[in-house]
Amino acid sequence: MPRRLGVLLLAALLSLLLGGVASAETDYTQSITQLDAGRAQISFTPVTPAAYVDVHYLVNGTGQQNVRMTNNSGTWQHTVSSLSSGTTLEYWFTYEKNGPQYDSPHYTYTQGSGTTSVAAPVFSPGGGTFATAQTVTLSVATAGAQIRYTVDGSTPTASSPLYSAPLSIAKTTTVKAIGVKSGLADSAVVTATYTIGLASATCPAQPDVPNFGSNVRIFDPSMSSASIQSQLDADFNALKDTQTAQFSNGRVAHLFKPGTYSVHDNVGYYTSVAGLGQNPGDVTINGDVTVDAFNASDAGNATQNFWRSAENLAINPSSGSDRWAVAQAAPFRRIDVRGGLQLYPASYGWASGGYVADTRVSGQAASVSQQQWYTRDSSLGSWSGGVWNMVFSGTTGAPPTTFPNPPETTLATTPVSRDVPYLYLDGSGKYRVFLPSLRTNASGPSWANGSTPGTSLPMSQFYVVKPGDTAASINNALASGCDLFFTPGVYHLNQTLNVTRANTVVLGIGYPTLVPDNGVDAMHVSDVDGVRLKGLLFDAGTVNSAALLTVGTQGSGTSHAGNPVSIQDVFFRIGGQLAGKATTSLVVNSNDTIIDHIWAWRADHGNAGTVGWTVNTADTGLLVNGANVIATGLFVEHYQKYEVVWNGQNGRTIFFQNEMPYDVPNQASWNSGVNGYAAYKVAPGVTSHEAWGLGSYCFFNTNPSVNAYHAFEVPNTAGVRFHSLATVSLNYQGTITHIINDTGAVTPSGTTPSNLVSYP
């Protein structure tokens, strides 16, 4: 956005470390699979887990490409596109093994030659935690192929046991399998771990009135307004400034017990404000909960008002309207605004939000200078405003669809939604976490007719994570059957957090920040029902992680439609605070997952030395392999390749906001067979996908001659449908030639959008 003008970005050509000692092929298995007429997938499975694997390849002997592969459950993969029958690939690998780096021999492959690989086996059920023994079925899509498997942790080969009947798994076991067939290359190795006997583990009793630590403020109506205001002001003054607080370690939560308060809470960075009632009306603020263009360094704009939230209370605004002038990662949820809601700064400067859900505004909600906004399952007195992309689903009082003039898109209902878990006090003064029920075709707030439907859990089932906890202590709590309640803080992880139990709740307040160290992934969630993740910030460490968060097992056919995983108010950052690196931020393998409000951001500004083309490296923000996944409120910015890759069938997205990377050094370093990379790519084999209200913007200020051929790349088939698309060249720094595929006009000068009502 123009918000980052003046930020010095480091730009250099991407370089890969080549060379090393020769490898032994006993170190790994490799294969290449023809996915369709134009694509082939290269796979590399090391015997010893590798910190990284690079593939180098030539197409018909020219144009060498060097690519960091994507780690999918131990198998590193990369898909080569734009091939034709007879195209020859020469490829080889560079990989890490216990520290040193090795080079493989060169291999060759001819597209369409029949030298393809067997499809990867599929497990049913997928790996996870189960109370009792499981019967596991393996299948493979390649006709006539066999499945070879192991249960001792070793890598299967063509001489491993032959799968002929379902496997009975009576104890914790890791199953690895490959598909084999004469004349074809073996499939990639697929792995699933079945943890037996812990699903019913009882969390050791935790306090029902826990110590939430020094970063959580708990206010009571018996306290004087002056004393509460003093604490609110002190926290705001410490966390308000764009220059000093934006990339600081400060984290805080303001929690209000049921009652009425006459205060004004200005909300700074990394601050969560929440009521502790079961319903919004249980806590009333006679005053304001405000975000504005607070600092001179913002020049009257609100485009850097990230990472702050308000939730679960009622506001009687002092001036008739509450102001929530925010950018990304700043949700406004479960709030009863008894008046108007101003989503723009008092200065009328730029703002780049934003997200509202499960909220009632009795007066007018006005966006004015907001560039884009998404409102879900809410009720508005009325709506005013629209710059580029305003989207509503399940919101009464929303304007009708008039895109692009004005640029408003409205769905009468939200197809699938589930409101966030939240902390509250019960009638006996004990803390509990409420779990709202799944909604289909929802309209209006979940609490509009009284209490939100759902169930609740006592805090005695939650391990309260506080600064000083380690990955080991957190994993021990998970293995013991506990849910997790993260308090505000920064948590460095030297091992992956493993969420394996169905229906686990991981809930954070005050932007708890998970930093993976030494190249580990931050969190893995097994392919199980009902896991709820809410209120977390994943911040990439300085050694590359393959993925920050992975949900489910790739290739699993298990349906979770009745009790899906939900990922809500979960944010990802590459660079800015640290010189972070992560190939992919979020990988979603579980079918039916709900992605509800994420911001995946490769930083375009930050602390000195943390931002640059070869500094904070990141390929992709969101990779979806699961079927029937829905994203409501999807924000993904500045990644270096395809920013969203959607491989699963029947995907849906309602609202997408994107900026392409600012710091592309030149066209040669940013090319996918056409100029640049699409911001949102639906894989060629997908036959059903639908999306509404999508905007992608370019600002190639490092080299304004850079061009993106298109912002959206999708199969040209009747089942893939897009509605209300916009592209913008910010201050005409570079261009986007088409909106989607070969359709749509080039971005005009200035900040005028190029619009497309529907595709195809």
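The values are calculated or read from the model by the stated rules, or taken from the named source; none is laboratory data. Only a predicted model underlies this, so the values are computations on that prediction, with no experimental measurement involved. Note that we place each Cβ from the backbone using ideal geometry, even for glycine, and neighbour counts take in every protein chain shown.
Pull out all pairs, ordered by first then second residue, where Cβ-Cβ is under 6 Å, the residues are six or more apart or on different chains, the first lies in the stretch 606-618 and is farther than 17 Å from Gly519 by Cβ, and the second is not in a loop (DSSP other than H, G, I, E, B).
Pairs found: Gly612/Leu10.
Going through the stretch 642-669 one residue at a time, which ones are more than 20 Å from Gly695 (Cβ to Cβ) and part of a loop (DSSP other than H, G, I, E, B)?
Passing the criteria: Asn647, Gly648, Gln649, Asn650, Asp663, Pro665, Asn666.
So which residues in the stretch 349-363 are more than 18 Å from Val289 (Cβ to Cβ) and surrounded by fewer than 24 Cβ atoms within 10 Å (Cβ to Cβ), if there are any at all?
Across the stretch 349-363, the qualifying residue is only Gly349.
Does Ser417 fit the bill of being buried (at least 21 other Cβ atoms within 10 Å of the Cβ), modelled with pLDDT of 95 or more and within 28 Å of Ala561 (Cβ to Cβ)?
yes
Please enumerate the residues belonging to the stretch 691-742 that are farther than 24 Å from Ile630 by Cβ and in a loop (DSSP other than H, G, I, E, B).
Phe699, Phe700, Asn701, Thr702, Asn703, Pro704, Ser705, Val706, Gln733, Gly734, Asp742 - these are the residues of the stretch 691-742 that are farther than 24 Å from Ile630 by Cβ and in a loop (DSSP other than H, G, I, E, B).
Read through the list (1) part of a strand (DSSP E or B); (2) within 33 Å of the chain's Cα centre (by Cα); (3) among the polar types (S, T, N, Q), then give the number of the only condition that Thr108 fails.
(2)
Consider Thr70 carefully, then state whether it is closer than 21 Å to Thr550 by Cα and either crowded, with 22+ Cβ neighbours inside 10 Å or not hydroxyl-bearing (Ser, Thr, Tyr) (or both).
Spelling it out, it is not the case that Thr70 is closer than 21 Å to Thr550 by Cα and either crowded, with 22+ Cβ neighbours inside 10 Å or not hydroxyl-bearing (Ser, Thr, Tyr) (or both).
Mind counting the residues in the stretch 554-589 that are assigned to a strand (DSSP E or B) and over 23 Å from Ala188 (Cα atoms)?
The number of residues fulfilling the criteria is 9.
Hey, Thr94 hits all of (1) crowded, with 21+ Cβ neighbours inside 10 Å; (2) modelled with pLDDT under 85 but one; which does it fall short on?
Every condition holds for Thr94 apart from (2).
If I filter the stretch 640-659 for residues that are farther than 22 Å from Ser417 by Cα, in contact (Cβ under 8 Å) with a residue 60 or more places away in the chain and in contact with a Cys (Cβ under 9 Å, 6 or more places away or on another chain), do I get at least one hit?
Yes, the stretch 640-659 contains a residue that is farther than 22 Å from Ser417 by Cα, in contact (Cβ under 8 Å) with a residue 60 or more places away in the chain and in contact with a Cys (Cβ under 9 Å, 6 or more places away or on another chain).
Within the stretch 239-248, does at least one residue satisfy the condition of being part of a helix (DSSP H, G or I) and without any contact (Cβ under 8 Å) to a residue 24 or more places away in the chain?
Yes; the residues of the stretch 239-248 include at least one that is part of a helix (DSSP H, G or I) and without any contact (Cβ under 8 Å) to a residue 24 or more places away in the chain.
Taking the stretch 309-332 as the search range and keeping residues that are buried (at least 24 other Cβ atoms within 10 Å of the Cβ) and either among the charged types (D, E, K, R) or not assigned by TED's automatic domain parsing to the domain that holds Gln243 (or both), which one is nearest to Val368 (Cα to Cα)?
Asp322
With respect to Thr195, determine if the residue is under 30 Å from Thr155 (Cβ atoms) and touching a Lys or Arg at 6+ places or on another chain (Cβ under 6 Å).
No; evaluated as a whole, the condition is false for this residue.
Out of everything in the stretch 671-701 that is crowded, with 22+ Cβ neighbours inside 10 Å and among the hydroxyl-bearing types (Ser, Thr, Tyr), what residue ends up being farthest from Asn741 (Cα to Cα)?
Tyr697
Quick check on my filter: what residues within the stretch 423-442 are touching a Ser or Thr at 6+ places or on another chain (Cβ under 9 Å) and crowded, with 18+ Cβ neighbours inside 10 Å?
Passing the criteria: Tyr424, Arg432, Val433, Phe434, Leu435, Pro436, Leu438, Arg439, Ala442.
What residue, among those in the stretch 347-366 that are under 19 Å from Leu725 (Cα atoms) and in a loop (DSSP other than H, G, I, E, B), is farthest from the chain's Cα centre (by Cα)?
Ser352
Between Thr452, Thr487, Thr470, which is surrounded by fewer than 17 Cβ atoms within 10 Å (Cβ to Cβ), modelled with pLDDT of 95 or more and at negative phi?
Result of the check over Thr452, Thr487, Thr470: Thr470.
Starting from residues that are in contact (Cβ under 8 Å) with a residue 60 or more places away in the chain and surrounded by fewer than 18 Cβ atoms within 10 Å (Cβ to Cβ), keep the ones in the stretch 473-484 and report whichever is nearest to Gln577 (Cα to Cα).
Among residues in the stretch 473-484 that are in contact (Cβ under 8 Å) with a residue 60 or more places away in the chain and surrounded by fewer than 18 Cβ atoms within 10 Å (Cβ to Cβ), the one nearest to Gln577 (Cα to Cα) is Ala479.
Restricting to the stretch 600-614, and then to whatever is touching a strand residue (DSSP E or B) at 6+ places or on another chain (Cβ under 6 Å) and surrounded by 21 or more Cβ atoms within 10 Å (Cβ to Cβ), can you tell me which residue is nearest to Val682 (Cα to Cα)?
Ala600
Mind checking which pairs have a first residue in the stretch 667-685 that is within 18 Å of Thr614 (Cα to Cα) and a second that is of a type in the set (A, V, I, L, M, F, W, C) and not in a strand (DSSP E or B), Cβ under 6 Å, 6 or more apart or different chains?
Gln667/Val706; Ser669/Leu13; Ser669/Leu14; Trp670/Val664; Gly676/Trp670
Conditions: (1) over 23 Å from Asn658 (Cα atoms); (2) over 21 Å from the mean Cα position of the chain (by Cα). Arg418 meets all but one. Number of the miss?
(2)
Do you know which residues across the stretch 454-487 are in contact with a Lys or Arg (Cβ under 9 Å, 6 or more places away or on another chain) and polar (S, T, N, Q)?
Selection gives Ser456, Ser460, Thr487.
Tell me which residues, restricted to the stretch 226-261, are more than 26 Å from Leu425 (Cβ to Cβ), touching a strand residue (DSSP E or B) at 6+ places or on another chain (Cβ under 6 Å) and surrounded by 15 or more Cβ atoms within 10 Å (Cβ to Cβ).
Across the stretch 226-261, there are no qualifying residues.
Is it the case that some residue within the stretch 124-143 is surrounded by fewer than 20 Cβ atoms within 10 Å (Cβ to Cβ), under 25 Å from Pro684 (Cα atoms) and out of contact with any strand residue (DSSP E or B) (no Cβ under 9 Å at 6 or more places or on another chain)?
yes
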